[in-house]
1. For H42 and D325, what does the FRET efficiency come to when R0 = 56 Å and r is the distance between their Cβ atoms, rounded to the nearest 0.05?
2. Per 0.36 nm of contour for each residue apart, how much would the distance between H254 and Q110 grow if the chain were fully extended, relative to their Cα-Cα spacing?
3. Of the peptides 347-354, 68-75, how do they stack up when ordered by the mean number of other Cβ atoms within 10 Å, highest first?
4. Nearest 5 is fine: what % of DSSP beta bridges in the chain come out antiparallel, could you say?
5. Gap in Å between the Cα centre of segment 397-428 and the Cα centre of segment 304-339?
6. In what sequence do D318, D233 fall when counting other Cβ within 10 Å, fewest first?
7. Which order do peptides 188-197, 306-315 fall in by mean Cβ count within 10 Å, highest first?
8. Among C154, C179, C256, rank each residue by its count of other Cβ atoms within 10 Å, from fewest to most, as a rough exposure measure.
Amino acid sequence: MPCRSASQPKIQPLNPVLTHQVAEEFLAFISRYKSCFVSYRHDVSIPATQYCCGLMQSKSDHKNMERMAEVVVDAKDRNLQQFLTHSKWDASALFQQVARDADQLLGDSQQAVLIIDEVGFPKQGKESVGVARQYLGCLGKVDNGQVGVFAVLCKGQQVLPVGVRLYLPEEWVKNPQACQKAGIPEKDRVFKTKPQLALELILEAQKFGVRFHVVRADAGYGSSLDYLRQIHDQAGCFMIDLHTKFLLYKAHPHPCLLPQKPGRGRPSKNYTSTQKNCHAIELINQVPEHQWKTLDVRPSTRGALRLKVCRVQVFAWDPQSQRVDQWTLLASKDAQTGADLKISLTNAGGNTPLLELFKRQRARYWVERFFEDAKGCCGMGDYQVRKWNAWHHHMALVGLSMLFIQQQRQGLQKKTPLLSCADVVDLLFEFLPKKKATPLQVCQRIYQRHQKRLQAIQSHARRQKRSSDQIAKDQADQPAADGNSTRRKNRP
């Protein structure tokens, strides 16, 4: 008989009684948030429940409202669209409650990490709120789509969302007609960079009482020393990834004002230093080989994640101020190949254990897994909406659904330690009440799909023809304009 390693989890079959209870618990869970779905004395908790059920029951690759209406009892796609787009319930109030409940599950002022991450949603067209050609991490390139900035609470392998902001490109803020059409509130028609949105989310999480020890973000949020100082001053401990060319000092720069020459101009406001700054990668390359340590950071399905790591005390300084910050530069890479080099900057104290530091540095892996689950299992990216409120409503409902899934995984962890997000969704798919369709209804449903598909084909053909006609007209007008210009030049 093969022996089982002590580090391997022990698995056993799920109790059939418990599997039926999951569906009942899901419906009871959603009902506890009924007060969040009341607006102007109008209770929309029923379509809210239907929408959350639709996120669990519709096909994994098409969790839009048409597919929801095909499987959820008493649901109609128009009613769901009305609920998501035009209903006045406050998505931020729901997310606030989700954040507080997430804190009850994962909050820890010593171990939890608040991670800032952005998620791209590829979209066609130009009318969806915030859509533009911009970098989408999910595609790894610039393309047409929307970007959401999320704050998620992470403890070990467990992750839950506690806040979100939709990034509005500058071209949107400069177009009041587009903002009006998309229903963007006046107070939100202000351009904010992604780091500014991230800082809002950090302060909002503190306001909601979310407990965490350190703020974590990737290199997109670590390009500005001023921004790092804001997090240091307002949020406390941070660990931010750096680009390799971020400038730091190996020794204290001891800044001083440039001496003013007698009788020449105003006093200088910029500081100078005799110390030479270095790129972050240069400081890491200067670390001797014997100072690199080997750590097993965490277990994985392919064995322990083994890294070579080092830390260096550095100084951060901007010549426009006298302030100097002494922080710690961290670097880790694969212990065997030396690949996957990751450089981070943290203001954690020098007595922080090395293993703890690099667990935090590699915690973003679980956030990436969380967004994969949210997109693949809960339809985070399958929405078909254009308005500001509708986008935030959808994200809040996805966050609520992911909260339930995490509660189930945590509650059943001892008996089924390998229970995944997809497993919980499978249970809900099987045991939530389903709409039963007759053969005639199925045929009508397919016919309606074909009608909508034909309308989309015809609409695309009309747009293409208008575009071709415009190009032909412009080309026909161009020679005439060039001829008139030539005749004017040849006049005596």
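Read the figures in this text as sums done on the coordinates, not as results from a lab. Everything numeric in this text was worked out from a predicted model, so none of it was measured. Heads up, the Cβs are rebuilt from the backbone with ideal geometry, glycines too, and the neighbour counts pull from every protein chain shown.
1. Working: r = 52 Å, r/R0 = 0.92.
That pair, H42 with D325, gives E of 0.60.
2. That works out to 48.5 nm of additional length.
3. Numbers: 347-354: 12.2, 68-75: 20.0.
Top to bottom by mean Cβ count within 10 Å: 68-75, 347-354.
4. On the way: 57 of 65 bridges.
Taking every DSSP beta bridge with both residues in the chain, the antiparallel ones total about 90 percent.
5. Between the Cα centre of segment 304-339 and that of segment 397-428, the gap is 36 Å.
6. Working: D318 17, D233 8.
Neighbour counts put them in this order, fewest first: D233, D318.
7. On the way: 188-197: 15.9, 306-315: 17.8.
With the highest mean Cβ count within 10 Å placed first, the list reads 306-315, 188-197.
8. Details: C154 23, C179 19, C256 11.
Going from least to most buried by this count: C256, C179, C154.
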